[in-house]
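A short worksheet on the structure shown next.
What follows is calculated from the coordinates using simple rules that are stated; it is not laboratory data. Owing to the predicted nature of the structure, the values given are computational and were not obtained by experimental measurement. Because the Cβ atoms are built from the backbone with ideal geometry, glycine has one as well, and the counts that use them run over all protein chains shown.
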Amino acid sequence: MHAWLALLFFLAQPFWEAKPPEQWTSHEIDLVRTQSPWTGVVGPAPDVLTWLATAQPIEEAEAEARLHRGNPEQQPDPDYSDYVAENRERIFVLAIGYPTLSGLAKESDAWRMVEKETVMRVGSKSYHAEGLFPPEPSDPVLRLIFPRAVKPTDKSVRFELYLPGLPFPEREAEFFVKDLSYHGKLAM
């Protein structure tokens with residue numbers, strides 16, 4: 001009877017809780033990277049995928065994806081990787097995939113505007129982006145740096161985004177904190 005209950009509990013857990021990343025299938029890796037609690041699609045069209053890039057399950061899924069593609073040495077921008085490694089305890093990164101870079105301003109003024117217009121809201125508190133890594137043709141991902149101000153007791157974290165170069169550049173993304181647990185800890 002106890003074995004049966006343990007099996008039911010095991011089956012009720014999401015696969016990312018039930019087995020280590022090295023056992024995830026390619027399909028499961030894609031699910032973590034596109035349809036997990038650490039990701040969200042933001043409209044209107046063209047829809048953009050947002051994800052908490054420094055969340056442990058996302059980082060593990062990206063590492064496994066590189067292994068499955070046969071490119072384990074391919075890493076993100078070294079400046080970005082170094083920055084995250086040096087500041088992991090005080091920041092997290094919200095990443096936004098750009099569907100197209102056409103019409104995207106390269107000027108630093110546009111990116112300063114992103115930092116001014118993009119806001120993270122946690123309860124009644126607001127935080128502006130502390131910095132960013134802009135998208136590039138070789139890596140069409142905008143990475144926004146935010147302070148690690150979210151606590152496990154918070155209800156949600158909402159981002160009011162300004163995404164230059166897209167029609168309807170003002171968008172919102174929301175993540176529910178209770179869903180962001182990974183192995184019993186808040187993962188952002």
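Tabulated data
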| item | result |
| --- | --- |
| Inter-probe distance in nm under a simple model that places probes 7 Å from Cα toward Cβ, at Thr34 and Ala85 | 3.0 nm |
| For Leu163, net neighbour charge (Lys/Arg +1, Asp/Glu -1) across residues whose Cβ lies under 9 Å away | 0 |
| Label-point gap, in nm, between Gln56 and Arg69 - each point 7 angstrom along Cα→Cβ | 2.5 nm |
| Summed side-chain charge close to Pro14 - residues other than Pro14 whose Cβ falls under 12 Å, Lys, Arg +1, Asp, Glu -1 | -2 |
| Separation in nanometres of the label points that stand 7 Å from Cα toward Cβ, at Glu160 and Asp179 | 2.2 nm |
| Net charge of Cβ neighbours under 9 Å - reference Ala65; Lys, Arg +1; Asp, Glu -1 | 0 |
| Full-stretch length increase - Thr25, Glu170 - with 0.36 nm per residue and alpha-carbon distance subtracted | 48.7 nm |
| Long-range HN-HN contacts of Tyr182 with modeled amide H, under 5 Å | Ala187 |
| Semi-axes of the equivalent ellipsoid for the range 116-188, Cα gyration tensor, largest first, Å | 24, 15, 11 |
| Fluctuation leader among Lys155, Lys125, Lys116 - the chain, Gaussian network, Cα springs under 10 angstrom | Lys125 |
| Normalised alpha carbon radius of gyration of the range 11-94 [divisor 2.2 N^0.38 Å] | 1.17 |
| Reciprocal of mean inverse Cα separation for the chain (Kirkwood radius, Å) | 17.6 Å |
| Label point 7 Å beyond Cα of Thr100 along Cβ direction - residues of the range 150-172 with amide nitrogen under 18 Å | 163-170 |
| Length gained when the stretch Ser126-Asp139 is fully extended (0.36 nm per residue, less Cα-Cα span) | 1.8 nm |
